[in-house]
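Here's the structure we're looking at; comments come further down.
The values are calculated or read from the model by the stated rules, or taken from the named source; none is laboratory data. Everything quoted here is computed from the prediction, not taken from an experiment. Cβ sites come from the backbone with ideal geometry, for glycine too, and all protein chains shown count toward neighbours.
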């Protein structure tokens, strides 16, 4: 049930109220102590059990024998000239079933923007999706992060207390690690827990059969679909996942749900010169999204080593955006951040492996 840290104490970060109640029962503590622990872990964000001062000294001593908070700071930080910071975290926080076998490191990116402070976090070590334009996909897959690993990125960055938004758009495919992702989202949005509004969190996906619908049903967080093409034929040349769960099936599924409320549906679309940026692509994309209350985020391609693809220039991006907007699809061009430290969209990757 619990996760073990390197000193063989079980980590408390990533555990639910029910799991903490089980610990209380195991250790002979009153059940209400679990709610107190939730507050210390996810609201007050203490660094040690000894700081849980509404628990008796004897109780804290007993807990400290077998458990630890489990927060682990980033091991490296790379600072961009635009204020973006890329953090490196050791993966595999413990030995829970959801993270067993995870090896290596993951990256998270802090993006300040006026009054907004967004953290882009990872859900896996590497990725199985092998998208042609993504460095993480080239790395391959080295394991799933646990809920504790996912939350650790949010709780351990120096800017943690000032964050306004979190996006699961870092390394990995969130819906290929659905149990841990949903558990982490629940701990972030529940009370007891961090108590965030789900509207502060966006989860990105290429669209994974079965788990996409589960996410839509079980979470109220925003959803961002990595689309990047106006037709299944073109998408399949860049994104192998298209051959398993097509954009046609995905869009049909999404049309069964109401997106007119506060929950946002968006589509990510990297523009590649001569591949998906023609007037015909713009017209086809408008037809594909007909009937869906959504927005399209147009993204510049950040060139990665040995990539055959090339990005569309600014004029081409503006023309594409204007056509979508004029035909009823709200579209924006996302500003690039952190490119000089390999922190921009599609550039996250680390080959470092734990011994």
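Observations, loosely collected:
One line per residue, one yes/no per condition, for (1) surrounded by 13 or more Cβ atoms within 10 Å (Cβ to Cβ); (2) more than 17 Å from residue 171 (Cβ to Cβ); (3) at pLDDT below 95:
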site: 296; (1), (2), (3): yes, yes, no
site: 301; (1), (2), (3): yes, yes, yes
site: 338; (1), (2), (3): yes, no, yes
site: 343; (1), (2), (3): yes, no, yes
site: 355; (1), (2), (3): no, yes, yes
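- Selection count, the stretch 291-332, where residues are in contact with a strand residue (DSSP E or B) (Cβ under 6 Å, 6 or more places away or on another chain), free of Cβ contacts under 8 Å to residues at least 60 places away in the same chain and under 30 Å from residue 76 (Cα atoms): 2
- Of all residues in the stretch 18-64, those being touching a strand residue (DSSP E or B) at 6+ places or on another chain (Cβ under 9 Å) and assigned to a loop (DSSP other than H, G, I, E, B) number 1.
- Looking across 228, 222, one residue alone is in contact (Cβ under 8 Å) with a residue 24 or more places away in the chain and at positive phi. It is 228.
- Breaking point among (1) modelled with pLDDT under 90; (2) within 24 Å of residue 163 (Cα to Cα), for residue 72: (1)
- Test for residue 205: is it surrounded by fewer than 21 Cβ atoms within 10 Å (Cβ to Cβ) and touching a residue at least 24 places away in the same chain (Cβ under 8 Å): no
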